[in-house]
Amino acid sequence: MDTAALLLELFGRTPPIVAEAVEGLDQEELAWAPAPGANSIGWLVWHLTRVQDHHVSELLHEEQIWTTGEWAARCGLKPDAHNTGYGHGPEDIASVRPASPDVLVGYLDEVDARTRRMIEGLSDTELDRIVDRRWDPPVTLGVRLVSIADDSLQHAGQAAYVRGLLGA
């Protein structure tokens with residue numbers, strides 16, 4: 001198996017988990033949190049998609065899908081390129097109000113399609129390219145992609161777990 005095929009398989013696991021976690025929920029169920037200050041299903045899916053959008057747009061030197069489309073408004077937010085959910089407190093979490101599961105799935109689908117196009121064109125040698133020198137050791141493209149996928153899968157699993165707690 002080549003590396004691009006492996007990464008496509010890895011990234012391809014998040015969308016079905018997300019779709020199942022949000023299917024049939026209404027806006028209140030998407031915003032429900034199992035405890036005060038805990039993450040809601042809507043926030044978890046929004047956050048994993050925002051992180052992927054932010055990081056992949058940075059890798060491609062492109063604008064974020066979040067800032068160029070209507071997804072922010074459909075989540076009750078402003079199209080702030082820096083708002084990915086890092087450092088969010090209870091009020092910030094509660095402010096993420098996607099209008100429906102279709103909003104979350106649609107945004108993820110668009111971000112995922114861009115990520116997959118990028119991965120399809122990668123060679124193994126490109127994965128060694130340094131993309132972030134703020135870390136020691138510096139972060140390569142391959143490590144950044146694994147980090148994005150890991151974050152996405154963790155949050156998708158958390159959303160599925162919260163759905164189970166919701167009993168929906």
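Could you please tell me which pairs satisfy a Cβ distance under 6 Å, a separation of 6+ or placement on different chains, a first residue in the range 96-114 that is modelled with pLDDT of 95 or more and aromatic (Phe, Trp, Tyr), and a second residue that is in a helix (DSSP H, G or I) and open to solvent by less than 20 Å² (accessible area, probe 1.4 Å)? Between residues of the range 96-114 that are modelled with pLDDT of 95 or more and aromatic (Phe, Trp, Tyr) and residues that are in a helix (DSSP H, G or I) and open to solvent by less than 20 Å² (accessible area, probe 1.4 Å), the close pairs are Tyr107/Thr49. Filtering the range 8-35 down to residues that are touching a Ser or Thr at 6+ places or on another chain (Cβ under 8 Å) and either among the aromatic types (Phe, Trp, Tyr) or open to solvent by 40 Å² or more (accessible area, probe 1.4 Å) (or both), which residue is nearest to Asp92 (Cα to Cα)? Out of the qualifying residues, it is Trp32. Checked against (1) over 10 Å from the mean Cα position of the chain (by Cα); (2) farther than 22 Å from Leu165 by Cα, Asn39 passes all but a single condition, namely (2).
Among residues that are assigned to a helix (DSSP H, G or I), among the β-branched types (Val, Ile, Thr) and open to solvent by less than 60 Å² (accessible area, probe 1.4 Å), Thr67 is included. Among residues of the range 43-66 that are under 23 Å from Glu28 (Cα atoms), those with a Cβ under 7 angstrom from a residue that is open to solvent by less than 20 Å² (accessible area, probe 1.4 Å) and aromatic (Phe, Trp, Tyr), sequence gap 6+ or separate chain, pair up as Thr49/Tyr107; Arg50/Trp66. Identify all residues within the range 98-113 that are touching a helix residue (DSSP H, G or I) at 6+ places or on another chain (Cβ under 6 Å) and of a type outside the set (Ser, Thr, Tyr); write none if there are none. Correct list: Pro98, Ala99, Pro101, Val103, Leu104, Val105, Leu108, Glu110, Val111, Asp112. Counting the residues of the range 110-157 that are farther than 20 Å from Ala4 by Cβ, buried (at least 19 other Cβ atoms within 10 Å of the Cβ) and not hydrophobic (A, V, I, L, M, F, W, C) gives 1. Which one is nearest to the chain's Cα centre (by Cα) among residues in the range 42-85 that are within 16 Å of Ala113 (Cα to Cα) and of a type in the set (D, E, K, R)? Within the range 42-85, the match that is nearest to the chain's Cα centre (by Cα) is Arg50. Does Ala38 meet the test of being assigned to a loop (DSSP other than H, G, I, E, B), more than 16 Å from Gly106 (Cβ to Cβ) and either open to solvent by 40 Å² or more (accessible area, probe 1.4 Å) or not polar (S, T, N, Q) (or both)? Answer is yes for this residue.
Only a single item in (1) modelled with pLDDT of 95 or more; (2) farther than 17 Å from Met118 by Cα is not met by Gly37, and it is number (1).
Listed here are the residues, each with its yes/no results for (1) buried (at least 18 other Cβ atoms within 10 Å of the Cβ); (2) of a type in the set (Ser, Thr, Tyr); (3) not in a loop (DSSP other than H, G, I, E, B).
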residue	(1), (2), (3)
Thr49	yes, yes, yes
Leu59	no, no, yes
Glu62	no, no, no
Ala72	yes, no, yes
Ala81	no, no, no
Gly85	yes, no, no
Asp92	no, no, yes
Ala99	no, no, no
Asp102	no, no, yes
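Applying a threshold of 7 Å to beta carbon distances and a minimum spacing of six or more residues, or different chains, the list of pairs starting in the range 127-146 at a residue that is without any contact (Cβ under 8 Å) to a residue 24 or more places away in the chain and ending at one that is part of a helix (DSSP H, G or I) and open to solvent by 100 Å² or more (accessible area, probe 1.4 Å) reads Thr140/Asp128.
Please go through the range 132-151 and pick out each residue that is touching a Ser or Thr at 6+ places or on another chain (Cβ under 9 Å) and at pLDDT below 95. Give the derivation first.
If we filter the range 132-151 for residues that are touching a Ser or Thr at 6+ places or on another chain (Cβ under 9 Å), which is where we start, we get 132, 139, 142, 145, 148-149.
Within the range 132-151, Asp132 is the sole residue that qualifies.
The values are calculated or read from the model by the stated rules, or taken from the named source; none is laboratory data. This one's a predicted model, so the numbers in the text were calculated from it and none came from an experiment. Ideal geometry is used to build each Cβ from the backbone, glycine not excepted, and the neighbour counts take in all protein chains shown. All accessible areas refer to the heavy atoms of the entire protein, side chains included, with ligands and DNA or RNA removed. Shrake-Rupley method; radii C 1.70, N 1.55, O 1.52, S 1.80 Å.
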